[in-house]
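Derivation of every value follows stated rules applied to the coordinates shown; laboratory data play no part. Just so you know, these numbers come straight off a predicted model, no measurement behind them. Note: ideal-geometry Cβ built from the backbone for every residue, glycine included; neighbour counts use all protein chains shown.
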Amino acid sequence: MKMKKLFAGLTVVALGVTALSLVACNDTPDDPTPPPAPETVYGLPVAGTGRYIKDSDLVADGDTRYLLYSTNETPAENDNVIAIRRGTFEEGEGKGWKYGEEKIALTGESGKWDENIGTASLVKGAFTFENDEYSWLMAYCATAQANDTQYSIGLAVATSPDGEWKKVSETPLIEFDADVYGSTSVGCYAPSLVNLDKQNKIRVFYTYADMYGHFAKFVDLDAADVGALYTDESKVSGEVQCPNHGQIAGGDAQAMFPNADFAYDAAAGKVYAIKDYSPAAATKPNYAERIQLLSIEEEELYSVELGGGWAGLRTWDFADTEDGAWERLYGACILSDAYGHIDGTKAMEIIYNVCELEMDDENWEFTQNLKTFVYTPAA
Amino acid sequence: MDTLGTSISFPSDKAMPKIPYAFEEGTDAFKNTVEWKPTAKDETLTVAFDEATVDLSEATHLLVQYYSAKSPRLQYTLSDGTNASSLKNGGRVFFMGMGANFSDLYVAANASGASFGENKGRLLMGMIVIPIAESLAGNVDLTKVSSLQIKATGATEVVIGGVASYKGERGDGSYEGGESAMLLNLAASKFAKFTASKEGTLEEIQAKPVSNTMYGTSETVTEDLNFNGKESSYVGEWSGEQTQQEANKIFIGGSYGKIEMTEDSYGNDAIQVTATGVRGDGYTATQNLLPNGVCWAGMKGVSFWARNDSDIEVAFNLEVECTAVVTKSNGNKQVASDRFNIQQGNRFVLYDLNTGKTTIYMTRPTVTLPVGFEGWVFIPFTAFSRADWSSNGVTAEQFMGENSYVNFFAFSIEAAKNQNKPFSVNSIGAYSETPLFESVYADANGKTAPELLGLNNKEEN
């Protein structure tokens with residue numbers, strides 16, 4: 001049994017998360033005393049020593065939640081993998097969402113385009129691949145480069161989010177052409193999936209980054225046969241660059257839309273997004289210092305006529321974090337149903353990343369953890 | 001009898017008139033006007049007045065509501081039934097755009113009359129302003145003028161509307177502060193007051209005639225410029241030694257470049273533009289590709305066929321000069337022009353003929369064509385901003401707004417980044433219906449690019 005130390009900490013949120021406690025584990029075969037049952041941990045998981053949890057995607061499939069995120073497989077290493085935990089809710093004081101054991105969902109493959117895996121998003125639906133039926137689809141970004149450039153996006157399928165994930169192709173579906181668009185650009189990253197019809201009409205939102213900046217784009221997929229996406233061009237739409245005007249908070253000359261997660265309110269015909277503020281912090285880590293929640297009329301995505309653009313709903317910064325403790329807020333997601341849909345009239349749970357500053361902790365990378373806000377729309 | 005005898009030139013007569021626009025504006029600007037299409041030289045349009053005769057003996061100017069998409073040379077003659085007075089050689093004739101009260105746009109008439117080109121208000125709805133004493137010669141009895149006769153010098157198309165007189169004080173020569181009097185008021189239909197001679201056609205209209213040619217079977221996309229058979233007018237190269245005439249439509253004041261003929265997707269002649277070297281400000285530019293001007297007022301954006309013939313994402317800008325009536329800092333409302341070009345961060349539509357896909361792209365920092373693109377480009381006018389160095393008063397709201405027109409259209413290319421990276425264009429026009437993105441989920445309801453272009457009915461090469 002592994003030795004584990006969990007740091008004590010308090011995270012009080014409206015969801016009723018309780019404190020974590022320190023647990024020690026006796027592991028001497030001659031000791032007749034059975035080890036105490038581990039205490040149940042409620043709330044968002046906290047990364048262990050030398051580990052990080054970042055860039056999450058949280059979906060609710062009925063009474064079950066699935067938390068998808070990036071983490072390092074090896075403590076104190078930067079060997080990124082996609083992991084998932086299943087969450088269930090327990091009623092009662094001091095209880096709440098309980099996330100189970102971490103499972104590695106996807107890893108990169110040495111020598112392949114996805115050797116360095118990035119972030120991922122998942123949705124439920126009805127998909128076929130190589131004559132087998134799958135009910136979950138994942139989009140993930142990855143690159144063969146070791147320096148966080150030239151990301152592309154690929155797909156994987158599974159019958160259960162915490163089951164086995166199967167990559168769909170040896171090549172990415174949304175490919176960044178570094179020869180044309182620059183080898184030093186980040187490329188196509190931060191995929192965010194929406195199952196538009198809750199069957200297999202999929203929208204892949206992503207951030208596209210080149211020398212001109214970071215912008216949100218999407219393509220629509222007819223994903224009934226996921227394999228056909230790679231052989232039949234008609235199954236993949238042209239790409240659409242999302243509007244980047246309106247109430248977008250930022251300090252760039254032209255509004256940027258980096259690292260965004262999207263959700264769809266089909267009834268209201270609106271799309272919601274939570275994005276990193278740009279520009280990023282000038283000191284390390286060079287991550288965002290704020291996150292912003294926005295919405296836009298769906299029809300504005302489909303036309304180049306200038307509409308009202310994005311409506312800014314809420315911006316959070318360090319002052320909104322507990323005790324103002326966190327100066328980096330980034331990599332957020334909106335809790336949606338299993339299809340990426342929400343009801344925009346109801347409260348939204350926002351899961352976001354925090355981390356220490358390098359000046360305070362040279363191992364800041366392994367301080368990356370998840371926190372949550374709740375946004376309540378105006379009546 | 002008060003006649004126009006020997007003309008006496010007053011120094012102040014050379015000032016610019018400040019006469020308020022005398023006719024209907026806005027959506028009723030063309031109400032009850034007539035479109036006259038003479039077929040040959042010497043055909044005439046006779047305009048009678050509301051009264052059998054009018055007294056112009058104290059009037060300083062004759063005002064004629066006028067619009068033409070062409071540049072007809074027209075002779076204007078006042079008649080009393082027996083004698084007449086016409087524009088004299090050297091007589092100034094002014095043009096004021098609808099809404100203006102000041103004009104610095106004028107031409108000097110000759111014996112055949114006066115003609116207004118694209119930089120003289122052509123394609124704007126407005127009025128001709130004729131200084132009676134200065135510009136007319138003859139022996140008409142100004143106390144009992146019975147008609148205005150307009151004579152053509154060839155086949156053309158022109159809209160004539162109301163007629164008015166203006167009486168202003170000579171003063172500083174602006175004649176400001178005077179009064180107009182309607183001689184022919186078109187608040188009601190007065191078609192019977194207009195008579196066309198010989199074969200010329202005459203038609204009463206209520207709206208501006210459409211001057212644009214619709215593209216193919218499209219009802220919402222125009223084709224105002226194509227390059228069929230126009231090699232001699234466009235092909236040329238600027239490599240440092242040619243004259244402007246030799247370089248043809250490549251501007252020799254900029255970086256090096258060339259225009260060659262090629263074919264578009266339909267086998268029609270198109271032009272291929274290439275920046276070939278850096279010089280001066282670093283931009284290769286074409287000359288004005290639309291010397292006759294074009295009216296895109298009320299349209300939503302510019303459209304054209306294009307092909308990226310290079311191995312990079314090629315980028316180019318569009319330089320468009322828009323003419324409209326603006327309010328100057330001194331309060332004068334007059335015709336002015338400003339240059340607009342495309343700014344970074346604006347979305348535009350690409351329809352690729354080879355993939356059948358519609359893409360919504362973003363200017364980076366100008367129009368960019370992806371590698372391998374061949375198809376149609378739709379750029380909304382909202383993507384244009386007035387150039388920093390152009391400040392004659394045309395606002396963003398007036399750009400392509402009512403009573404505006406384009407008198408300059410050119411491509412410019414940042415030569416360093418796009419050197420020897422050619423692209424081809426054809427079928428330049430404007431669109432009135434914005435093409436929408438369509439996918440397996442998003443329904444464009446018949447407004448996709450190929451549907452709006454009517455491409456289903458057009459064969460590709």
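List the GluC sites (Glu not before Pro) within region B:349-404 that DSSP assigns to loop and that have no more than 12 neighbouring Cβ atoms inside 10 Å.
On the way: sites: B:374, B:397, B:402; in loops: B:397, B:402.
Here the sparse-neighbourhood loop sites are B:397.
Hey, got the average number of other protein chain Cβ atoms within 10 angstrom for residues in B:441-448? All intermediate terms of the calculation are to be shown ahead of the outcome.
On the way: counts 11, 10, 1, 2, 0, 0, 2, 0.
If you average over the peptide's residues, the count of other-chain Cβ atoms is 3.
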Check: When the Debye formula is applied to the Cα atoms of the protein assembly as shown, each taken as the same point scatterer, what base-10 log of I(q)/I(0) results at q = 0.05, 0.08, 0.11 Å⁻¹?
Finding: -0.39, -0.80, -1.17
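Please compute, over every Cα-Cα pair in region B:1-147, the percentage with a separation greater than 22 angstrom.
Here the tail beyond 22 Å accounts for 39 percent of pairs.
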Next item on the list: Quantify how strongly other chains surround peptide B:197-203 by giving the mean number of their Cβ atoms within 10 Å of each of its Cβ atoms.
Entry: 0
Check: How do B:353-365, B:38-50 rank on mean C-beta neighbours within 10 Å, highest first?
Finding: B:353-365, B:38-50
Next item on the list: Could you work out, residue by residue across A:304-314, how many beta carbons of other chains sit within 10 Å of that residue's beta carbon, and then give the average as an integer?
Entry: 3
Checklist line | Relative exposure of A:84, A:53, judged by other C-beta atoms within 10 Å (fewest first) | finding: A:53, A:84
Margin query: Skipping prolines and chain starts, which residues have an amide H placed within reach, meaning under 5 Å, of the one on residue B:346, given they are 5 or more residues away or on another chain?
Written below: B:363
Notebook entry, point to check: If each residue's Cβ is checked for other Cβ atoms within 10 Å, how do A:359, B:127, A:256 rank with the fewest at the top?
Noted result: A:359, A:256, B:127
Notebook entry, point to check: Rounded to the nearest 500, what is the protein assembly as shown's calculated 222 nm mean residue ellipticity when only DSSP H runs of at least 4 contribute -39500 (n - 2.57) each, over all residues?
Noted result: -500 deg cm²/dmol
Checklist line | Ordering of A:149-155, B:100-106, A:188-194 by burial proxy (mean other Cβ atoms within 10 Å per residue, highest first) | finding: A:188-194, A:149-155, B:100-106
Note to self: Within 10 Å of each candidate Cβ there may be at most 12 other Cβ atoms; applying that plus a DSSP loop requirement, which GluC sites (Glu not before Pro) in region B:145-190 survive?
What the structure shows: B:169
Notebook entry, point to check: Can you give me the Cα centroid spacing of region A:190-264 and region A:91-154 in angstrom?
Noted result: 17
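Taking N as the number of residues in chain B, what is its alpha-carbon radius of gyration divided by 2.2 N^0.38 Å?
On the way: Rg = 24.5 Å, N = 461, 2.2 N^0.38 = 22.6 Å.
My calculation over the Cα atoms of chain B gives 1.08.
Hey, got a sec? Which GluC sites (Glu not before Pro) in region A:220-324 land in a DSSP loop and have at most 16 other Cβ atoms within 10 Å?
On the way: sites: A:233, A:239, A:289, A:297, A:298, A:299, A:300, A:305, A:322; in loops: A:239, A:289, A:305.
Here the GluC sites (Glu not before Pro) that fit, given the DSSP loop and packing criteria, are A:305.
Too long at a 23 Å Cα-Cα cut-off: which of B:249/B:328; A:54/A:235; B:70/B:208? Don't skip to the answer; put the middle values down first.
Numbers: B:249/B:328 33 Å; A:54/A:235 32 Å; B:70/B:208 13 Å.
As for pairs spanning more than 23 Å Cα to Cα, those are B:249/B:328; A:54/A:235.
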Margin query: Please list the three semi-axes, largest first and in whole Å, of the ellipsoid equivalent to region B:302-449, using sqrt of 5 times the eigenvalues of its alpha carbon gyration tensor.
Written below: 30, 19, 12
Checklist line | Cα-centred dipole magnitude for the protein assembly as shown, charges only on beta-carbon of K, R (+1) and D, E (-1), debye, nearest 20 | finding: 2700
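Would you mind working out the magnitude of the charge dipole of chain A relative to its Cα centre, with +1 at each Lys and Arg C-beta and -1 at each Asp and Glu C-beta, to the nearest 20 Debye?
560
Output the pairs from A:95/A:124; B:417/B:447; B:198/B:230 with a Cα-Cα distance over 30 Å in this structure; if there are none, say none.
On the way: A:95/A:124 27 Å; B:417/B:447 35 Å; B:198/B:230 34 Å.
Cα-Cα > 30 Å for B:417/B:447; B:198/B:230; rest within.
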Next item on the list: Give the residue from B:409, B:455, B:428 lying farthest towards the positive end of the charge dipole for region B:314-461; charges sit on Cβ (+1 for Lys and Arg, -1 for Asp and Glu) and the dipole is referred to the Cα centre.
Entry: B:409
Check: Could you state the number of Å between the C-alpha centres of region B:395-461 and region B:98-176?
Finding: 38
Margin query: Taking only Cα atoms of region A:126-247, what ratio of Rg to Rh do you get with Rh as the Kirkwood inverse-distance radius?
Written below: 0.98
Check: Which whole-Hz couplings ³J(HN,Hα) result when phi for each residue of region A:245-253 is put into the Karplus expression 6.51 cos²θ - 1.76 cosθ + 1.60, θ = phi - 60°, listed in order with x for Gly and Pro?
Finding: 10, x, 9, 8, 6, x, x, 7, 4
Checklist line | Calculated P(r) of region B:203-269 - Cα pairs past 18 Å, % | finding: 57
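Please report B:183, A:221, A:313 as a ranked list, fewest other C-beta atoms within 10 angstrom at the top and most at the bottom.
Details: B:183 22, A:221 28, A:313 18.
Sorted ascending by nearby Cβ count, the order is A:313, B:183, A:221.
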Next item on the list: Can you give me the three principal axis dimensions of chain A from its C-alpha atoms, in Å, biggest first?
Entry: 70, 49, 40
